[in-house]
Amino acid sequence: MVMGLLAKFILISLLQTPLHHPNGTLQQLPQIIIIGVRKGGTRALIEMLSLHSAVVAAQNEVHFFDWESHFQKGLPWYLSQMPYAFPEQLTVEKTPAYFTSAKVPKRIYQMNPNIKLLLILRDPTERVLSDYTQVFYNRLQKHKRYQPIESVLVKDGEINLGYKALNRSLYYVHMQNWLQYFPLESILVVDGDRLIKDPLPEMKKVERFLKLEPQINASNFYFNKTKGFYCLRDHGRERCLHDSKGRAHPHVAPAILQKLYKFFHQPNKKFFELVGRTFNWK
């Protein structure tokens, strides 16, 4: 009986203790989370942030706070998904679905109310088109049927409010939920459109927000004319984002695009008021 209790105590202690590696690294809960938004540029952001020597990133989207099957496993499981880092390094994970999940802000707050959050956004209409494009190619690869973009965007001549991708672009709705738990000072909104066109200024803002020693510089980026966007250079090693990034959007009739721009006008205005800044969205 005593041995059984002792074994249980040891097991609990091991789960609550950061997992150490012989070389001095350890797994630690993230001090930074990229919370979204889907198709906003989260992969580009975490890859660019990983250029900094003081940051170590989880390789995969963890989906701990939004998937019940993962959340029920508890913080020890979440910790086990983190990369090994030196004690002075910061750990970051990214799961774009966090931003639009109503239950996530409270759960993250309960883990760490002082955590730093990165939210990368793009023009809402462009984000919707990218969202559709991703689903379109996924279904194409699996030889599944897909709906033409016009049929999902418009229903009975009006914007289809039942299309989930539209809801994901109503940024003010989701931001209100986050601001119930975190002050605006804890959330950096990164301009995803600018990050694509000129990554360095946005990454300098990220460094300042995270209080990192300035390290990311112009030599870390080079424009790939073939791909049409910036790639990364790290200690002489060059790498670009996956080929699935930067895919061409399907053609959308101008009249439907105008409907989308009009639809997002007021929601965008509300978001600008919430965060105290404006973005160059149509």
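The values are calculated or read from the model by the stated rules, or taken from the named source; none is laboratory data. Values in this document were obtained by computation on a predicted structure and should not be read as measured data. Because the Cβ atoms are built from the backbone with ideal geometry, glycine has one as well, and the counts that use them run over all protein chains shown.
Here is a check on your reading of the model: is GLY24 modelled with pLDDT of 95 or more and small (Gly, Ala, Ser)? Against the criterion (modelled with pLDDT of 95 or more and small (Gly, Ala, Ser)), GLY24 does not qualify. In segment 145-162, the residues that are over 16 Å from GLN258 (Cα atoms) form Cβ pairs under 7 Å with partners that are surrounded by 10 or more Cβ atoms within 10 Å (Cβ to Cβ) and of a type in the set (A, V, I, L, M, F, W, C), at six or more places apart or across chains, as follows: TYR146/PHE136; TYR146/LEU140.
Only residues that are closer than 21 Å to GLY36 by Cα and free of Cβ contacts under 8 Å to residues at least 12 places away in the same chain were counted in segment 63-85, giving 4. You will find that of ASN167, ASN160, the residue that is over 25 Å from the mean Cα position of the chain (by Cα), within 22 Å of ALA97 (Cα to Cα) and of a type in the set (S, T, N, Q) is ASN160 and no other.
Could you tell me whether segment 84-95 includes any residue that is β-branched (Val, Ile, Thr), modelled with pLDDT of 95 or more and out of contact with any Asp or Glu (no Cβ under 7 Å at 6 or more places or on another chain)? Scanning segment 84-95 turns up at least one residue that is β-branched (Val, Ile, Thr), modelled with pLDDT of 95 or more and out of contact with any Asp or Glu (no Cβ under 7 Å at 6 or more places or on another chain).
Filtered by the rule that a residue be among the hydroxyl-bearing types (Ser, Thr, Tyr) and under 12 Å from GLN176 (Cα atoms), segment 88-100 gives a lone residue, THR100. Residue by residue through segment 57-96, note down the ones that are under 14 Å from the mean Cα position of the chain (by Cα), surrounded by 15 or more Cβ atoms within 10 Å (Cβ to Cβ) and at negative phi. Correct list: ALA57, ALA58, GLU61, VAL62, PHE64, PHE65, ASP66, VAL92, GLU93, LYS94, THR95, PRO96. With respect to GLU238, is the statement that it is in contact with a Cys (Cβ under 8 Å, 6 or more places away or on another chain) and over 18 Å from GLY41 (Cβ atoms) true? Taking the combined requirement at face value, the residue satisfies it.
Of all positions in segment 150-159, at least one carries a residue that is over 24 Å from LYS282 (Cβ atoms) and acidic (Asp, Glu). Right, ALA54: touching a residue at least 60 places away in the same chain (Cβ under 8 Å) and under 16 Å from the mean Cα position of the chain (by Cα) or not? When the stated conditions are applied, ALA54 does not pass them. The residue of segment 65-114 that is farthest from LEU195 (Cα to Cα), among those that are hydrophobic (A, V, I, L, M, F, W, C) and touching a strand residue (DSSP E or B) at 6+ places or on another chain (Cβ under 6 Å), is LEU79. Residues in segment 97-137 that are among the polar types (S, T, N, Q), surrounded by fewer than 17 Cβ atoms within 10 Å (Cβ to Cβ) and either within 17 Å of ASP66 (Cα to Cα) or modelled with pLDDT of 95 or more (or both): GLN110, ASN112, ASN114.
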